[in-house]
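Participant: Just passing along the structure, written as structure tokens.
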Amino acid sequence: MADLDGNKEASKYHLDTPATSEAFMMKGSNALDWGMKNRMSNIFNPETGRTVMLAVDHGYFMGPTTGLERIDVTIVPLLKYADTLMCTRGILRSTVPPTFTKGIVMRASGGPSILSELSNENIAVSMEDAIRMNVSAMAVQVYVGGKFETQSIHNLTRLVDMGNRYGIPVLGVTAVGRDMARDAKYMRLASRICAELGASYIKTYYVEKDFETVTASCPVPIVIAGGKKLPELDALTMAHNAIQQGASGVDMGRNIFQSDAPAAMIQAVRAVVHQDMKPKDALDLYETLKNEG
Ligand code: 5RP
């Protein structure tokens, strides 16, 4: 207990310095509670307001996909370059070192495999377990226009309610079914629905035409998924265009872990996201780092 007697008189009230009341760095996040903002700051770099999320959750419906056969061997060495890791609780407990202190975005929906109807998902983790694993956000897939659209949206709203109770943000992941058009009109619809229903930020796909209307019409931050493996310059160009058109980062998996040089690629992606590096310069960086081994 502090001493009661003989204390130095308090005098430094800084009367000419108004108390600061800073706006939070993330779009649409000002009204969030302190815990939510703190967790968002584990995901988005406070200096740039952007993030490089390394996505390795594909196994929850695809099994051991290319590049993720041995997460301990191929992914753990990349963790130092990521702002955040997106994974399942199974991989987190079994494989991710608990000394990893950056944000964890936990895949919180699941059910069907690639062999069945993907939109038939349910919530796949309890709030207690998410808290136990100290996650910074929970990610839920939303299938707007899919067979189980309402069910997947209900998963989102239940997680938002539970997340709000404990200060854990929810990432709404817009899923594009096999027969759905990947265009700005669809991305605007799906992203906006997730935001309106309470997601703290949204993952969507980049589209060549009018992507800036997707980010403009979504009141919370958007990050883009990488999608299928592309040549490195194309992936870096996509990330660059998305950032310049209002995205707050990437949630990139295959274009990093299926690259010939994943460590070089994630560093090149970081330069695009956090330093606004041009795609060709980022490709040069990739080649240099790759050649250095
Ligand atoms: C898997 C996902 C992935 O996290 C997301 O698609 C990002 O990975 P990729 O860049 O490989 O598309 O949601 O369901």
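The values are calculated or read from the model by the stated rules, or taken from the named source; none is laboratory data. Just so it is clear, the model here is predicted, and its values are computed rather than measured. Using ideal geometry, Cβ is built from the backbone for each residue, glycine included, and neighbour counts are taken over all protein chains shown. Ligands, DNA and RNA are excluded from the accessible area calculation, which covers all protein heavy atoms including side chains. Shrake-Rupley method; radii C 1.70, N 1.55, O 1.52, S 1.80 Å.
Participant: Treating only the Cβ atoms of Lys and Arg (+1) and Asp and Glu (-1) as charged, compute the dipole magnitude of the chain about its Cα centre; round to the nearest 20 debye.
Facilitator: Values: 30 positive and 32 negative charges, 102 e Å.
Taking the Cα centre of the chain as origin, the dipole is about 500 debye.
Participant: Could I ask something else about it? Using the Cα centre as the reference, give the magnitude of the dipole from point charges on the C-beta atoms of the stretch 181-272 (Lys, Arg: +1; Asp, Glu: -1; all else neutral), rounded to the nearest 20 debye.
Facilitator: Using only the charged Cβ atoms, the result is roughly 200 debye.
Participant: Would you kindly give the portion of the calculated P(r) for the chain that falls above 35 Å, as a percent of all Cα pairs?
Facilitator: On the way: 7912 of 42778 pairs.
Of all Cα-Cα distances in the chain, 18 percent exceed 35 Å.
Participant: With the cut-off at 22 Å, tell me which of the pairs 27/203; 37/102; 102/209; 147/185; 229/280; 80/290 have Cα atoms farther apart than that.
Facilitator: Working: 27/203 14 Å; 37/102 14 Å; 102/209 34 Å; 147/185 19 Å; 229/280 18 Å; 80/290 17 Å.
Listed pairs above 22 Å: 102/209.
Participant: Residue 2 to residue 234: extension gain in nm, 0.36 nm per residue of separation minus the Cα-Cα distance?
Facilitator: On the way: separation 232, 0.36 × 232 = 83.52 nm, distance 6.11 nm.
Taking residue 2 through residue 234 to full extension adds about 77.4 nm, to one decimal.
Participant: Can you give me the distance in nm between label points at residue 76 and residue 209, each placed 7 Å from the Cα along the Cα-to-Cβ direction?
Facilitator: 4.7 nm
Participant: If you place +1 on the Cβ of every Lys and Arg and -1 on the Cβ of every Asp and Glu, how big does the dipole about the Cα centre of the stretch 112-267 come out, in debye to the nearest 20?
Facilitator: Numbers: 14 positive and 16 negative charges, 23 e Å.
Around 120 debye, computed over the stretch 112-267.
Participant: With the alpha-carbon atoms as the only input, what is the per residue convex hull volume for the stretch 85-216 in Å³? Please report the intermediate quantities before stating the final value.
Facilitator: Values: hull volume 15.4 nm³, N = 132.
Cα-based convex hull of the stretch 85-216, divided per residue, equals 116 Å³.
Participant: Which GluC sites (Glu not before Pro) from the stretch 80-152 combine a DSSP loop assignment with at most 14 other Cβ atoms within 10 Å?
Facilitator: Details: sites: 117, 121, 128, 149; in loops: 117, 121.
Of the GluC sites (Glu not before Pro), the ones in loops of the stretch 80-152 whose Cβ has at most 14 other Cβ atoms within 10 Å are 117.
Participant: Using only alpha carbons, build the gyration tensor for the stretch 103-179 and give me the equivalent ellipsoid semi-axes, biggest first, whole Å.
Facilitator: Numbers: eigenvalues 102, 29, 20 Å².
Here the semi-axes work out to 23, 12, 10 Å.
Participant: Considering only protein heavy atoms and a 1.4 Å probe, what is the carbon-and-sulfur percentage of the accessible area of the chain?
Facilitator: Here it works out to 51 percent.
Participant: Where q = 0.14 Å⁻¹, what log10 of I(q)/I(0) comes from the Debye formula for the stretch 201-284, counting one point per Cα?
Facilitator: Values, matching the q order: -0.41.
Participant: Helix-derived [θ] at 222 nm for the chain: sum -39500 (n - 2.57) over DSSP H runs of at least 4, divide by residue count, nearest 500? Show your work: numbers first, answer last.
Facilitator: Working: 12 runs with 113 residues, N = 293.
After summing the helix terms and dividing by the residues of the chain, the value is -11000 deg cm²/dmol.
Participant: Here is a further query. With a/c under 1.5 counting as rounded, go ahead and sort the stretch 155-194 into rounded, prolate or oblate using the C-alpha gyration tensor (a ≥ b ≥ c being the square roots of the eigenvalues; past the cut-off, prolate if a/b is larger than b/c, else oblate).
Facilitator: prolate
Participant: A further question follows. Any idea of the accessible area per residue across the chain, 1.4 Å probe, to the nearest Å²? Before the final figure, lay out each step's value.
Facilitator: Details: 14580 Å² over 293 residues.
It amounts to 50 Å² per residue over the chain.
Participant: Using +1 at the C-beta of Lys and Arg and -1 at the C-beta of Asp and Glu, which of 271, 140, 84 has the Cα lying farthest in the positive direction of the dipole of the chain?
Facilitator: 140
Participant: Out of all DSSP beta bridges with both ends in the stretch 108-240, state the antiparallel percent to the nearest 5. Please list the in-between numbers first.
Facilitator: Values: 2 of 14 bridges.
Looking only at bridges with both residues in the stretch 108-240, the antiparallel portion is about 15 percent.
Participant: For the peptides 206-216, 71-81, 132-142, what is the packing order when you average, over each peptide's residues, the other Cβ atoms within 10 Å and list the highest mean first?
Facilitator: Values: 206-216: 17.9, 71-81: 15.3, 132-142: 22.3.
Final packing ranking: 132-142, 206-216, 71-81.
Participant: Grab the beta carbon distance between residue 158 and residue 19, set R0 = 35 Å, and tell me the FRET efficiency rounded to 0.05.
Facilitator: Details: r = 38 Å, r/R0 = 1.09.
Plugging the Cβ-Cβ distance into 1/(1 + (r/R0)^6) gives 0.40.
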